[in-house]
1. Which ³J(HN,Hα) values, rounded to whole Hz and listed in residue order, are derived for segment 163-169 from phi using the Karplus coefficients 6.51, -1.76 and 1.60 in 6.51 cos²θ - 1.76 cosθ + 1.60 with θ = phi - 60°, glycine and proline given as x?
2. For the pair Val143 and Phe57, what calculated FRET efficiency results from E = 1/(1 + (r/R0)^6), where r is the Cβ-Cβ distance and R0 = 35 Å, to the nearest 0.05?
3. Using the Cβ atoms and a cut-off under 14 Å, what net charge is assigned to the surroundings of Met171, where Lys and Arg are +1 and Asp and Glu are -1?
4. Report the semi-axes of the equivalent ellipsoid for segment 56-99 in whole Å, largest first, where each axis is √(5λ) for an eigenvalue λ of the Cα gyration tensor.
5. How about segment 1-91: which chymotrypsin sites (Phe, Trp or Tyr not before Pro) there lie in a loop by DSSP and see at most 16 other Cβ atoms within 10 Å?
Amino acid sequence: MHGPASSGWLLVALCAATGAYCLLRMRSRVEEQRSAAGGEALMGFGMAVMAVPATAFTPPAWAWPAQAVVFGAAGLHALWAARAGARHLHHLIGAGAMVYMAVAMAVSPGHTHAHGGSGVPLLTGALLLYFVAYVLVAGVRLVPVTAVAGGGPAPGWGDRPELARACRLSMAIGMVAMLLTM
C-alpha cells in the first residue's frame with residue numbers, strides 16, 4: 001500500500017519483524033503456537049512486501065496475482081482449519097483481506113490505490129471495521145498473562161502467549177493502515 005514513504009517503511013519494518021517472530025514461534029513446544037505461527041509468518045511477510053513504497057520498488061505485473069493466489073490458498077487452509085475452532089476465522093478474514101488488496105493493486109492503473117474518488121468501497125469499509133474492532137479487543141486482552149505457579153521451566157520466546165497476542169495485534173494495526181490507503 002503505497003502512501004508516504006516514511007510510514008510505508010515503518011509498516012514494512014513492523015510487518016517483517018512480526019513475520020520473523022512468528023517464524024521463531026514455529027519452534028515452540030506448544031502445538032497450538034506452532035500451528036498458528038506459520039500462517040501468521042506468511043501474513044507478516046506478505047504485508048511487508050505489499051507495504052514497500054512504490055518509490056522504492058515497483059513489482060512486476062505478475063506479483064499481485066501471485067500474492068492473490070498465495071493468500072487464497074492460505075484462506076482455504078484457514079477455512080479448513082476453522083472446522084476445529086472459530087479462532088481460525090480471523091486468519092480466514094486476514095487472508096481474504098490480503099487477496100482483496102492484491103487484486104485491487106493488480107487491477108488499478110499504474111498499481112496505485114485510488115478507487116476513483118467514489119468514497120470507501122463497501123468491502124474496504126467492512127474490513128476496516130473488523131480490523132479496528134479486532135485491534136481494540138486485542139489491545140484490551142494484551143493485559144499481561146499471569147504466570148502459572150509451578151516449578152516448570154521458563155517459557156521460551158516462542159511459547160509466550162502475550163508476545164503472540166502482541167504479534168497479532170501489530171499485524172491487525174498494519175492491516176488497518178494498509179486498508180486506509182485503499
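1. 6, 5, 5, 5, 4, 5, 5
2. 0.35
3. Residues close to Met171 contribute a combined charge of +2.
4. For segment 56-99, the semi-axes come out at 26, 9, 5 Å.
5. Sites meeting the loop and neighbour criteria: Phe57, Trp62.
Read-outs: derived from the displayed coordinates by stated rules, not from any lab. These numbers come from a predicted model, not from an experiment. All Cβ positions, even for glycine, are placed from backbone atoms using ideal geometry, and neighbour counts span all protein chains on display.
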